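Have a look at the structure below, then the notes.
Derivation of every value follows stated rules applied to the coordinates shown; laboratory data play no part. The structure presented is a predicted model; accordingly, all values stated were derived computationally and were not measured. A quick note on method: Cβ atoms are made from the backbone with ideal geometry, for glycine too, and the neighbour counts reach across all protein chains shown.
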């Protein structure tokens, strides 16, 4: 199963990358194929920060390619994660808090 990680980034120290990395590691250890939005920088050939919209276009492509979404704490306070949640639920994807994915796999 392919899972996308959604959570707050804007306004969070280090863009919340440590939490995204930990979540990815947790999910991979349980056998999930993980799509992590922090990989956007691999596609940023300019070497300069891009707009919020640029990052969201990258993220939404991942959401659409996933089977489910793992929601990090604070996701509901994030404009981007709210949009990812909306798209995922409208597409009928399995959307759950991150800890639920961990508990359900155990």
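Kirkwood hydrodynamic radius, computed over distinct alpha-carbon pairs, for the chain: how many Å, to one decimal?
Taking every pair of different Cα atoms in the chain, averaging 1/r and inverting gives 13.8 Å.
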Rh_Kirkwood(the stretch 60-106) over Cα pairs, Å, one decimal, evaluates to 10.9 Å
Among 4, 32, 17, rank each residue by its count of other Cβ atoms within 10 Å, from fewest to most, as a rough exposure measure. 17, 32, 4
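Kindly provide the helix-only [θ] at 222 nm of the chain, computed as the sum of -39,500 (n - 2.57) over DSSP H runs of four or more divided by all residues, to the nearest 500 deg cm²/dmol? Can you show the working numbers first?
Values: 4 runs with 47 residues, N = 106.
The helix-only estimate for the chain comes to -13500 deg cm²/dmol at 222 nm.
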Descending principal axes extents, the stretch 7-65, alpha-carbon based, whole Å: 34, 27, 18
On C-alpha positions alone, give me the angle between the axis of helix 79-90 and the longest principal axis of the chain, in degrees, nearest 10. 50 degrees
